[in-house]
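The next block holds one structure in the form of structure tokens; read it before the comments.
The values are calculated or read from the model by the stated rules, or taken from the named source; none is laboratory data. A quick note: this is a predicted structure, and the numbers were derived from the prediction, not measured. Glycine also receives a Cβ, built like all others from the backbone with ideal geometry; neighbour counts cover every protein chain displayed.
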Amino acid sequence: MDEKFEPKITAFVCNWCTYAGADLTGTSRIKYQSNVRVLRVPCTGRIDYMMVLKALHKGADGVIVSGCHPNDCHYTSGNYHARRRWMVFKKMMEVMGVDMRRITFSWVSAAEGARWAQLVNEVTDQVRALGPYAEFRQIIGAGIE
Amino acid sequence: MEAVNQRAKELLEKGEIKAVLGYAKGTGHVRRPHFARKAGQVDQLVLDAACLQNLAVYVTKHEVKKLGKVAVIALPATQRAILQLMAERQLRDGELVILAVDGEAVKELDSAAALEEHLALKAQGLDAKDKALLAELDAMSREQRWVYWQNELSRCMKCYACRNSCPMCYCGTCTMDCNRPQWVPVASHGIGNLEYHAVRTMHLAGRCVECGECGRACPVGIPVHLLTFAAEESIHEQFGQRAGAKAKLDYALSTFKTDDKESFIR
Amino acid sequence: MSRIGVFTCHCGENIGATVDCVKVAEMCKDIPGVVHSVEYKYMCSDPGQRQMQEAIKEHQLDGVVVAACSPRMHEPTFRRAAGDAGINPYMCEMANLREHCSWVHEKGDATTQKAADLIRVLVEKVKHNEPLHPIKVPVTRTAMVIGGGVGGIQVALDIANGGHKVVLVEKSPSIGGHMSQLSETFPTLDCSQCILTPRMVEAAQHPNITLMTYSEVEKVDGFIGNFKVTVRKKARKLDEKLCTGCGLCIQKCPNKKISDEFNEGLGTRTAIYVPFPQAVPNKPVIDLQNCTYYKTGKCKVCEKMCPTNAIRFDQEDELVTLDIGAIVLATGFKLMKTDAFPEYGYGKHKDIIDGMQFERLASASGPTSGVMKRPSDGKEPETVVFIACSGSRDRAKGVPYCSKICCMYTAKHAMLYKHKVHSGKAYVFYMDIRAAGKDYDEFVRRAIEEDEVKYIRGRVSKIYEEDGKLIVMGADTLMGGEPVVIKADMVVLATAVQSNDRSEELAQTLHVSYDSYGFFAEAHPKLRPVETNTAGIFLAGACQAPRDIPETVAQASGAAAKVVGLFSNDELTREPIVAVVNRQAAPVYSTCVGCFLCQGACPYQAIEQEEIKARSGEVIMTLARINPGLCQGCGTCVATCRTKAIDLQGFSNEQIYAELMTL
């Protein structure tokens, strides 16, 4: 394994809770590792599982999907729908043998700045320890694009 | 069979229906779908253990809808598919005459409500062979499953037979054909195949009536039906919902409970 | 080819100290489509914004990425500035270099690289941005207030005085609500009816207010500014135009022994009745359950007696559909009944009453004309025990919350009793005294110090009857839990405030959220306390949570201000971040297949059916259509749609895909 391996982490976050929470991490000047790239969507309900697959396709070694805690959705129930979608998606990914240690689902509220930093650090460390997602990179390599 | 054919003839003669959709003899042991459009053709219809195909795939087709009212000889899986299609507003009450065949018994139904009532009496479950295959998959390690599916999917050439044989894949424009953006690569390479089958499974999760047609249709023998079966079974386990069981749409992925139980969200 | 400008902000030292902004601006020049990339100390300052606007004109930019702070902070600023410079405001996006990069990472190449990456993502997004235009929705300037208690009356009067039409819907025969039943109010002890009735009359006579009493909301369609509300006007069995309110029918009605709801079962009324003498409108209704004519087919005494021939036995319920621009919910609360307490005898003892029954006993217009008489035998009670927190803050009763008003009204009750029965003894069992409010604590002190009400901190475990006395078994926790036994003549339970009957049903009709106790949920607990999550529907009073009169009235005026604000424009302007179902030329029409699986996923019921018809009028297909007035832009339907027929403006599939492809 490459000694200088730095994982690529893609995060999909909702505008109202986790994105705002990550803003609070900034305003509180809490430091975390810089591997993560955040994509903002209005709500976790907007997060299509295709986005997660595409992130892996583009070589992400880890993916974070995060939104409002149950009951706190800005749109009342978008996160509940998202939760169901993830419950099914996760099961399906497991059946297909995808390494689910690389996909982290979480709830981070707008008040949980410290939690966002902690989450990013934990995921980054975990994925760094797992190494590059070799299996997936192999099938991407098989693509003729 | 006698009774079904008799009734089909009657309906055709009276002009109440334009055709009967059932099975006829194909090459060897194969049974192929058959539209009997005249009373005289009804005798070509057969019904035996070799009749497997889910005929519901035809009833949403433009060409069939154009015929007018059609009677369908519907085995249990076909019945479930028709009910799910009705819940998804692809078929209306009274648009079909459903000749529901369950072993020896035959029942004539024409509405979603009647189908729901009829199907409620029967337990739905996978057959022993598929259950064993799923259990086998389950017993593998994650890495083994990955290798297993990569092996299987390496034969996939994206002929879309699995999609085209599925009664629930009735969309006019499939996501696979969506090119702005091109979510799923067209080519049948590693990532293209993985994403295609992932999308197919997600689209059928909560809608799969577990007929297994996709697996039978695959010309290279990939057990693709196990993917949708696994998704469907997990939905039933987690949320208690089943596709092809309700006249009113009860789609697991557009409903929720505030106390849905999961253990993986941090 | 796009012509995109990138403007990187140092934010003084905030970004500049950790990110090499000069280098970032240089790196961005290499992104395909970027024709202009500069950095500046403070982009949000006037000179910064002007610099951006001049660059837009000079370089004919068609898209802008401002790499500065969080879009949650300055997106509106830069979009406005971009709009003023002549491009569509929605062609401007922000890369968050401050909160998501410079403030959270150490200075170094990796951080600078991340900053450039963040910009690259947004540049790709902007390439796929479409010019969007704010959605204009017309507004019907008529408000509906549901609930005619003090809260509803206040909302109606405030909106009406603001010059707009109001329809006030009340389910019972008269407006007035719980406040009309009260004897005196805390902390001033002024007579409740004396202050309320003028307001009731004012509401009835206001030219802008239409009263719909004895009516209930049946159905609500539409969206903010454009609701269609169907109201069921229940049949009073009376022509209201002819009735003069003389009351002859009531006097002559032979059926006089019906338990009176207004007096909380402590008095009786007739089958044709007005709830109370000051009722507004002062027109009777016939109680179908108890009217002799409806039970036996004979009687019609009221019809014979009526001098104006106003009685209409054949009158039916009427459904009225109204165009409404905004709705205010002020449906109030109910009190837990005494039968919910097995430890206090399941409501079997006539002399164990709830707070509202005590109000009627103490009221000058009540069944005893305000003389203290206990319900069982009409004797003056010599010892009265008041139990606060009866049901409230009790998980076992399903009410973990504080009912908020009971501490105050219990003090008031004890005081009123002492004022009426000078020799009487009043005991209050309490958990805590919560008397936060102007002059509230002083009021409680007055009850204890001047009126000598005995406050005992502890719970009552059991009440039973013995020799005509109610034996109250309690404990005094301030005396080390010592048992206290009081032989009382009457016990008043300050029972819990609960959400009104059928409030959940009403919430579902209006598509507003509610909590697990059936109270309507506000849009934000602190910053949007009078709004619901459904645009155009507001809240006032105890339908949201237990409230006292001053709070209810204040919230009512707040809700009214929101409505008047909404009505101050001809059109509503909304962010165009909404979902859209694609439409294509015939014979495809749309990639939507009309399965309507998306409908269940929409939190706002914004997905409608649209029929595509041939010239002959034949329906070719039924497709989904999203009502832009209702859609809030969460995008849940977009992710649910299999054929990608739905897309979300501002966060479209193409935009997100492009962003992902740069990573």
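Things worth noting here:
- Condition check for B:LEU227: assigned to a helix (DSSP H, G or I), more than 16 Å from the chain's Cα centre (by Cα) and within 7 Å of chain A (Cβ to nearest Cβ): no
- Where C:PRO587 falls short, out of the listed (1) in contact with a helix residue (DSSP H, G or I) (Cβ under 8 Å, 6 or more places away or on another chain); (2) modelled with pLDDT under 95: (1)
Okay, residues lined up against (1) buried (at least 23 other Cβ atoms within 10 Å of the Cβ); (2) within 11 Å of chain A (Cβ to nearest Cβ); (3) free of Cβ contacts under 8 Å to residues at least 40 places away in the same chain; (4) over 20 Å from C:ASN533 (Cβ atoms):
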| position | (1), (2), (3), (4) |
| --- | --- |
| C:CYS598 | yes, yes, no, no |
| C:GLN609 | no, no, yes, yes |
| C:GLY617 | no, no, yes, yes |
| C:THR622 | no, no, yes, yes |
| C:GLN632 | yes, yes, no, no |
| C:SER652 | no, yes, no, yes |
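- The residue that is nearest to the other protein chains (Cβ to nearest Cβ), counting only those in the range C:634-650 that are closer than 20 Å to A:TYR49 by Cβ and touching a Leu at 6+ places or on another chain (Cβ under 7 Å), is C:GLY635.
- Enumeration of residues in the range C:68-83 that are surrounded by 20 or more Cβ atoms within 10 Å (Cβ to Cβ) and more than 14 Å from chain A (Cβ to nearest Cβ): C:PHE78, C:ARG79, C:ALA81, C:ALA82
- Elements of type helices (runs of 4 or more DSSP H) contained in the range A:53-145, each with 2 or more residues being more than 9 Å from every other protein chain (Cβ to nearest Cβ): A:113-130, A:134-141
- Strands (runs of 3 or more DSSP E) enclosed by the range C:474-544 - at least 3 residues per element that are closer than 25 Å to C:GLY177 by Cα and touching a residue at least 40 places away in the same chain (Cβ under 8 Å): C:490-495, C:497-499, C:537-539
- Selection from the range C:198-228 of residues that are in a helix (DSSP H, G or I) and of a type in the set (Asp, Glu): C:GLU202
- Only one of the listed residues (A:ASP48, A:ASP72) is of a type in the set (Asp, Glu) and within 23 Å of C:ALA535 (Cα to Cα). That residue is A:ASP72.
- Residue satisfying condition, being under 30 Å from C:TYR604 (Cα atoms), more than 13 Å from chain A (Cβ to nearest Cβ) and either polar (S, T, N, Q) or surrounded by 20 or more Cβ atoms within 10 Å (Cβ to Cβ) (or both), within set B:CYS211, B:CYS174: B:CYS174
- Candidates C:GLU316, C:GLU303, C:GLU343, C:GLU359, filtered to the one that is assigned to a loop (DSSP other than H, G, I, E, B) and not basic (Lys, Arg): C:GLU316
- So C:GLU531, is it in contact with a helix residue (DSSP H, G or I) (Cβ under 7 Å, 6 or more places away or on another chain) and either of a type in the set (D, E, K, R) or in the same structural domain as C:ARG434 (by TED's automatic domain parsing) (or both): yes
- Residues located in the range A:20-49, provided they are facing chain C (nearest Cβ under 7 Å) and assigned to a helix (DSSP H, G or I): A:ALA20, A:ALA22, A:ASP23, A:THR25, A:GLY26, A:THR27, A:GLY45, A:ARG46
- First in the range C:170-185 and outside any loop (DSSP other than H, G, I, E, B), second anywhere and β-branched (Val, Ile, Thr), Cβ under 7 Å, 6 or more apart: C:MET179/C:VAL150; C:MET179/C:ILE549; C:THR185/C:ILE549
- Strands (runs of 3 or more DSSP E) within the range C:559-663 that include 2 or more residues closer than 30 Å to B:ARG200 by Cβ and under 26 Å from the mean Cα position of the chain (by Cα): C:607-613
- Restricting the range C:326-346 to residues that are surrounded by fewer than 21 Cβ atoms within 10 Å (Cβ to Cβ) and in contact with a strand residue (DSSP E or B) (Cβ under 9 Å, 6 or more places away or on another chain), the residue that is nearest to C:HIS164 (Cα to Cα): C:LYS334
- A residue that is within 14 Å of chain A (Cβ to nearest Cβ) and out of contact with any helix residue (DSSP H, G or I) (no Cβ under 9 Å at 6 or more places or on another chain) cannot be found anywhere in the range C:90-103.
- So B:PRO185, is it within 10 Å of chain A (Cβ to nearest Cβ), over 23 Å from A:MET87 (Cα atoms) and out of contact with any Gly (no Cβ under 8 Å at 6 or more places or on another chain): no
- Pairs linking a residue in the range C:141-165 that is part of a loop (DSSP other than H, G, I, E, B) to a residue that is acidic (Asp, Glu) and crowded, with 24+ Cβ neighbours inside 10 Å, with Cβ atoms under 9 Å and 6 or more positions apart or on different chains, are C:GLY147/C:GLU170; C:GLY148/C:GLU170; C:GLY149/C:GLU170.
- Checking each residue in the range C:473-523 for being of a type in the set (Asp, Glu) and in contact with a Phe, Trp or Tyr (Cβ under 8 Å, 6 or more places away or on another chain) picks out only C:GLU504.
- Candidates B:LYS129, B:LYS66, B:LYS107: the one that is within 14 Å of another protein chain (Cβ to nearest Cβ) and free of Cβ contacts under 8 Å to residues at least 12 places away in the same chain is B:LYS66.
- Conditions (1) more than 26 Å from C:GLU106 (Cα to Cα); (2) surrounded by fewer than 22 Cβ atoms within 10 Å (Cβ to Cβ): number failed by A:GLN33: (1)
- Taking (1) more than 10 Å from every other protein chain (Cβ to nearest Cβ); (2) outside any helix (DSSP H, G or I) in turn, B:ASN164 satisfies each apart from (2).
- Qualifying residue in the range B:189-212 (condition: part of a helix (DSSP H, G or I) and closer than 20 Å to B:MET86 by Cβ): yes
- Looking across the range B:79-110, the residues that are touching a Gly at 6+ places or on another chain (Cβ under 7 Å) and either crowded, with 20+ Cβ neighbours inside 10 Å or modelled with pLDDT of 95 or more (or both) come down to B:ARG80, B:ALA81, B:LEU83, B:GLN84, B:ARG89.
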